[in-house]
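Structure first, then comments.
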Amino acid sequence: LDPDRGLSLTIARVVQRLQGSSLHSQLERQARVSLHKPEIKLESLKEDIKDFLKTSGWEKKLQNAVYSELNVFPSPCHPAAPPEHIKEPLAYMRKAQGSWEKRILKSLNSMCTELNIPLAQKRPVNEQKELLNKWNEMGTDEPDLSLFRPVYAPKDFLEVLMNLRNPNYENGEQPSFRNHLGLIQVPLKVKDIPELKEDFSELGLNIGQLGIDDSAQVPPEFFENEHVRVGQKVLAEQDSAAAQQYVRQGCPTALRADLWALILNISNQPEDILYYEQLKSNVIQHDLLVDSLIYKDVKLTASNDDYYFVFEDYLYQVLLCFSRDTSVLEHFTYSSATPPKSYIRGKLGMEEYAVFYPPNVKYNSFILSVAPLCFLYHEPSKLYQIFREMYVRFFFRLHSISSHPSGIVSLCLLFETLLQTHLPQLFYHLREIGAQPLRISFKWMVRAFSGYLATDQLLLLWDRILGYNSLEILAVLAAAVFAFRAVNLMEVTSLAAAEAVLADLSTLKVMPLLQIFLFATVT
């Protein structure tokens, strides 16, 4: 597309989406209210209303909404491109994702058959009352979930990614300079260190960062005080774009919750709270098979985690509501995944009786995407909105097969390429002993390091994900961890020994690792 055509298509799409939003009706209402003000003159009506919306803060809200749309939705394709190209341009990726979805659904359906449990059913009235009464203490429940099994584990997903091949690409068995020695064997373009340095320039050694204790350039306490002052100014301005730029250097703890909400354009309006209550009502009324999977995953992960066990009730509330939220279906327009369909009993194959069964069936990394947010947000409806927005912007890419630069396939390839290029001896050594680095780092990346890093370090990392609107930093950090432990890893002789060296990441400091790997690596 030529730039002008692309811009006009983007503007048309943003306008179309905003016209159906609550912001649009609020702007109309404010414009009508302004007509009664004495400063609004008939001869300059249009300009006067514009000035009123500007001075009353509504223009800023509109700018933030437009910026949010531009951040979430991909650049427009050529008008002649079919819809599936917007979801995923490469046919073999679409095919692989389709096969993976069938495998998940087969697992789900076989569980239904074995346990003789329907995918969904209405709860009896007494059960509804019981659930409503214990909504804020669901963690005290101890249902027998021994017969339920996770739909899939990280290693199952990794095996699928390892078997991905581009049918148009010659990839012989004989080693050559064209071969990639890692587990991912698809020819996607990933960035090298110089390109990453340029993209993550704000992480440079001579730029102040929160999360760095001993910067030679600026005393940490001086930088922190100034950074807090600037952060307060950004919040006062209520500018999403400025907030996104600001968090690239880290968020002060006291400002993080408000800054993240500003970047994600979440304001927790009365209608948002009402929507959350409607979702809660749906949970109370209907019992889904995925509810038991969520219960089991929370019990297996967060309940046993030193950081997250106190948030068990919040996790149930957010995830059970999320599994009912049809607004999440919207992200499938730019995701390679497709929501699974189910049919009302006795109406199989009849499209008018088809319903989208909750598309959010994940294993426990899904739970760990919510848990860190509980440290920042204590109002359930706001916590829910923040998580939903984080999911449809970022986390869904960690669970679907696509060629997107922030997709899990590209992250795996970027990690292996960085390691193979800048630590070739370590990469070759681990490969020779059967300890392919990706087998260890995959679970870190697919969980965005949640459950592995200390919470303060994890939040500093997620600051940068929001700041750069990209998940690529996950692959960079994974490579940096291997570089940091390289001496010990060179001495191991098995996969188990390598895993033992990298078993505990809770003492690592994220920002020094990233800075050293990106800006002190010889290229």
Practice task
Just name one of Y169, Y308, F427: the one whose Cα is farthest towards the positive end of the charge dipole of the chain (beta-carbon charges, Lys/Arg +1, Asp/Glu -1).
Solution key: Y169
Fill in the blank from the handout: Taking protein heavy atoms only, a 1.4 Å probe, and rounding to whole percent, the accessible area of the chain owed to carbon and sulfur comes out at 54
Problem - Ranked by how many other beta carbons lie within 10 Å on average, peptides 468-474, 285-291 from highest - result: 468-474, 285-291
Fill in the blank from the handout: Highest mean packing first, using Cβ neighbours within 10 angstrom, the peptides 307-315, 493-501 sort as 307-315, 493-501
Handout entry: Mean residue ellipticity (222 nm) of the chain, computed from DSSP H runs ≥ 4 via -39,500 (n - 2.57), nearest 500
Key = -17000 deg cm²/dmol
Practice task
Provide the gained length on full extension for the span R17 to H36, in nm with one decimal, where the gain is 0.36 nm per separating residue minus the Cα-Cα distance.
Solution key: 3.9 nm
Problem - Mean Cβ neighbour count within 10 Å, used as a protection proxy, ranking 92-104, 38-50 highest first - result: 92-104, 38-50
Handout entry: Assigned charges on the beta-carbon of Lys, Arg, Asp, Glu; the chain dipole about Cα centre (debye)
Key = 1260
Exercise for the section: May I ask which residue of V510, Q436, A120 lies farthest towards the positive end of the charge dipole of the chain, with charges of +1 (Lys, Arg) and -1 (Asp, Glu) on Cβ and the Cα centre as origin? Expected result: A120
Practice task
With unit charges on the beta carbon (Lys/Arg positive, Asp/Glu negative), name the residue among I473, T140, L183 whose Cα is farthest towards the positive pole of the charge dipole of the chain.
Solution key: L183
Practice task
Compute the distance in nm between two label points, each set 7 Å from the Cα along the Cα-to-Cβ direction, one at D156 and one at L115.
Solution key: 1.3
Completion exercise
Under 11 Å by backbone N from the virtual spin label 7 Å along Cα-to-Cβ at N133, the residues of the range 310-331 are none
Practice task
Please give the net charge around R229, taking every other residue with its beta carbon less than 14 angstrom from that of R229, where Lys and Arg add +1 and Asp and Glu add -1.
Solution key: -3
Completion exercise
Rounded to whole Å², per residue accessible area for the chain with a 1.4 Å probe reads 48
Practice task
Whole Å is fine, so just give me how far the alpha carbon centre of the range 411-467 lies from that of the range 230-276.
Solution key: 29
Handout entry: Chain lengthening between F309 and A454 when straightened (0.36 nm per residue, less Cα-Cα)
Key = 50.8 nm
Exercise for the section: For the range 3-73, give the magnitude of the charge dipole about the Cα centre (Cβ charges: +1 Lys/Arg, -1 Asp/Glu; no others), in debye to the nearest 20. Expected result: 200
Exercise for the section: Would you tally the net charge around I273, using a Cβ to Cβ cut-off of less than 13 Å, leaving I273 out, and scoring K and R as +1, D and E as -1? Expected result: -2
Exercise for the section: Classify the chain as rounded, prolate or oblate, taking a ≥ b ≥ c as the square roots of the eigenvalues of its Cα gyration tensor: rounded when a/c is under 1.5, otherwise prolate if a/b is larger than b/c and oblate if not. Expected result: rounded
Fill in the blank from the handout: Quick calc, I516 & T493: beta-carbon distance into FRET formula, R0 41 Å, rounding 0.05, result 0.90
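The values are calculated or read from the model by the stated rules, or taken from the named source; none is laboratory data. Note that this is a predicted model, so its numbers are computed, not measured. Note: ideal-geometry Cβ built from the backbone for every residue, glycine included; neighbour counts use all protein chains shown. Please note that ligands, DNA and RNA were not included when accessible areas were found on the heavy atoms of the full protein model with its side chains. Shrake-Rupley method; radii C 1.70, N 1.55, O 1.52, S 1.80 Å.
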